[in-house]
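*Asks:* Here you go, one structure.
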Amino acid sequence: MNEVTWPLMHNNITRSDLDSIIEYLKLEDPKLTQGPMVKTFEKNWSQWLGVKHSVMLNSGSSANDLTMIALRELKGPGEVIVPPLTWVSDISAVMRSGLTPVFVDIDPETLAMDNDLILKSINSKTRAVFLSHILGYSGLTNKLLEGLKNTGIPLIEDVCESHGATHEGRKLGTFGWASNFSFYYAHHMTTIEGGMISTNDSELYEILLMLRSHGMVRESSSTSIKEKYYSAFPDLNPDFIFAFAAHNMRSTEINAVLGMEQLKKLDESNLKRTENLFKFLSVINPNVFKTNFKVQGSSNYAFTLILLEPNFALRDRVESKLRGAGIEFRRGLSGGGNQLRQPYLKNVPGIPRPQDFPNTEHVHHFSWYIGNFPELAHDQIVNLGVLLNRI
Ligand SMILES: Cc1ncc(COP(=O)(O)O)c(C=O)c1O
């Protein structure tokens, strides 16, 4: 590859963000492990999103793990409907928590699970629908939301790639029983590494607080929950009651200080990114590349480039042109394409064949994402279109 002139992400942490961390560190005795900064960031995030509760974690993958552990804890064993186009931890979290993933192909317009197929796949064993919104496009329809309401099956939203995107004017992440976000560097906003679970369910919130921190009862914000454990386990030191076989997925205060700075400019950056996406989709050749995505309410940090027709020779030419121009890309969109092709799912009993998911297969072989950040110049996007259309 030639020198990268257009990386997947650029300048996502600014000088002033770094200065905010330095200012915090200049305090007389700044607390560094999880404390009031994490709590304030959670409060600010809940306000921005429009939910009651949020729990900050050390990654979006930890958010996936904890929602699945909590789901298993509250709803018992069973199946979770998942897409083959998503991040590895959306599938591994289901499996690790003792639940069974059931795969549903994607809708080419939203890149999320086909909503009709989801509704058809629900049965008495279904415990949740775990839907990933892919690269800023909303994967929701009213039909799905109503269908889930009628069956009582909880929706869990993976919004790790879609901060600020909306469905009918309401933010993604407010529709689910729980919703998961990532603040990894390459996303809309960053805490370097980090994640968040948001929910309106107070019972779930209390469990997440404990699960985040070794399963310890003292982490709960509910006096009645704590009293219940204290009286049930009088032989234990109340400071060390481990209610769940859990882990440590806490953030540090430094990540939260950064998160608060980043959140202040999230909406403005997203507006710029959305303008960029519309420009990109207007300059690429619609006879060669897919342009009919469901863009209403979208919020993308990456341009989605997908060949209309399967063509390996064209695919290779696209990659060599992008490399030659120093433009970084990732083939396969989220998580590198079809998860069903990955080694971690080989030899797992009951896992279907990748070929049975044709829409995901197409994306696996014939798609890429390219960085979309606020500072991209109009001319750069036009030139990218010229480059792609000449291939
Ligand atoms: C859809 C999706 N879910 C979850 C994650 C995991 O987030 P993290 O990298 O913060 O663990 C990612 C990663 O980027 C993602 O794209």
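*Asks:* Among 274, 262, 142, which residue has its Cα furthest toward the positive end of the charge dipole of the chain, with +1 on Lys/Arg Cβ and -1 on Asp/Glu Cβ?
*Replies:* 142
*Asks:* Cα gyration tensor of the chain, axes a ≥ b ≥ c as square roots of the eigenvalues: rounded (a/c below 1.5), prolate (a/b > b/c) or oblate?
*Replies:* Here the chain falls in the oblate category.
*Asks:* For residue 18 and residue 151, calculate 0.36 nm times their separation in residues minus their Cα-Cα distance, and state this gained length in nm to one decimal.
*Replies:* Net length gain for the segment: 43.1 nm.
*Asks:* Any idea of the accessible area per residue across segment 145-201, 1.4 Å probe, to the nearest Å²?
*Replies:* Result: 32 Å² of accessible area for each residue.
*Asks:* So which trypsin sites (Lys or Arg not before Pro) in segment 1-99 end up in coil per DSSP with only 14 or fewer other C-beta atoms within 10 Å?
*Replies:* Of the trypsin sites (Lys or Arg not before Pro), the ones in loops of segment 1-99 whose Cβ has at most 14 other Cβ atoms within 10 Å are 26, 31, 52.
*Asks:* Take every DSSP beta bridge whose two residues both sit in segment 24-131, then give the antiparallel share in percent to the nearest 5.
*Replies:* About 10 percent, rounded to the nearest 5.
*Asks:* Please say if segment 149-283 is rounded, prolate or oblate, where rounded means a/c under 1.5 for a ≥ b ≥ c the square roots of the C-alpha gyration tensor eigenvalues, and otherwise the choice is prolate for a/b larger than b/c and oblate otherwise?
*Replies:* Prolate shape, in that a/c is at least 1.5 and a/b is the bigger ratio.
*Asks:* Considering only DSSP beta bridges with both partners in the chain, what is the antiparallel share in %, to the nearest 5?
*Replies:* Roughly 60 percent of the DSSP beta bridges within the chain come out antiparallel.
*Asks:* Something else about it: Find the relative contact order for segment 240-376 and round it to a whole percent, using C-alpha pairs within less than 8 Å whose residues are 6+ positions apart.
*Replies:* 30
*Asks:* If I model a spin label as a point 7 Å beyond the Cα along the Cα-Cβ vector, how far apart are those points for residue 265 and residue 375 in nm?
*Replies:* Label-label distance for residue 265 and residue 375, simple model: 0.9 nm.
*Asks:* Next question, about the same structure. Angle between the Cα long axis of helix 202-212 and the longest principal axis of the chain, 0 to 90 degrees, nearest 10?
*Replies:* Approximately 90 degrees, to the nearest 10.
*Asks:* Once you keep just the Cα pairs under 8 angstrom separated by 6 or more residues, what percentage relative contact order results for segment 1-141?
*Replies:* It comes to 18 percent, rounded to a whole number.
*Asks:* Counting only chymotrypsin sites (Phe, Trp or Tyr not before Pro) that are in a DSSP loop and have at most 16 other C-beta atoms within 10 Å, tell me the longest site-free stretch of the chain.
*Replies:* By the stated rule (loop sites, at most 16 other Cβ atoms within 10 Å), 1-184.
*Asks:* Helix 142-151: angle to the longest alpha-carbon principal axis of the chain, degrees 0 to 90, nearest 10?
*Replies:* Result, in degrees: 30.
*Asks:* Would you mind checking 31/75; 149/346; 52/228 for any pair whose Cα atoms are more than 26 angstrom apart?
*Replies:* 31/75; 149/346
*Asks:* Which whole-number percentage describes the relative contact order of the chain, with Cα contacts under 8 Å and a sequence gap of 6 or more?
*Replies:* 22
*Asks:* Under a 10 Å cutoff between Cα atoms, tell me which one of 113, 249, 56 has the largest fluctuation in the Gaussian network model of the chain.
*Replies:* 249
*Asks:* Which of 62, 222, 89 moves the most in a Gaussian network model of the chain with Cα springs under 10 Å?
*Replies:* 222
*Asks:* Treating the beta-carbon of each Lys and Arg as +1 and of each Asp and Glu as -1, no other charges, what is the dipole magnitude of segment 118-232 about its Cα centre, to the nearest 20 debye?
*Replies:* Taking the Cα centre of segment 118-232 as origin, the dipole is about 300 debye.
*Asks:* Output the 0 to 90 degree angle, nearest 10, between the alpha-carbon long axis of helix 378-390 and the longest principal axis computed from the alpha carbons of the chain.
*Replies:* Roughly 60 degrees between the two axes.
*Asks:* Additional query: Farthest toward the dipole's positive end in the chain, which of 27, 62, 126, given Cβ charges of +1 (Lys, Arg) and -1 (Asp, Glu) about the Cα centre?
*Replies:* 126
*Asks:* With +1 assigned to the C-beta of every Lys and Arg and -1 to the C-beta of every Asp and Glu, and no other charges, what is the dipole magnitude of segment 219-264 about the Cα centre in debye, to the nearest 20?
*Replies:* 140
*Asks:* Cut-off under 18 Å on the C-alpha distance; same-chain residues fewer than 8 positions from residue 171 excluded. Which aspartates and glutamates are left, in chain and number order?
*Replies:* Answer for residue 171, where 18 Å is the Cα cut-off: 42, 146, 157, 158, 161, 201, 267, 268, listed by chain and number.
*Asks:* State whether segment 230-383 is rounded, prolate or oblate according to the following rule on the C-alpha gyration tensor (a ≥ b ≥ c being the square roots of its eigenvalues): a/c under 1.5 gives rounded; otherwise a/b larger than b/c gives prolate, and the remaining case gives oblate.
*Replies:* It comes out oblate by the Cα gyration axes.
The values are calculated or read from the model by the stated rules, or taken from the named source; none is laboratory data. These numbers were taken from a predicted model, which means no experiment stands behind them. Here the Cβ is made from the backbone with ideal geometry for all residues, glycine too, and neighbour counts use every protein chain on show. In case anyone asks, the SASA skips ligands and DNA or RNA and just uses the protein heavy atoms, side chains included. Shrake-Rupley method; radii C 1.70, N 1.55, O 1.52, S 1.80 Å.
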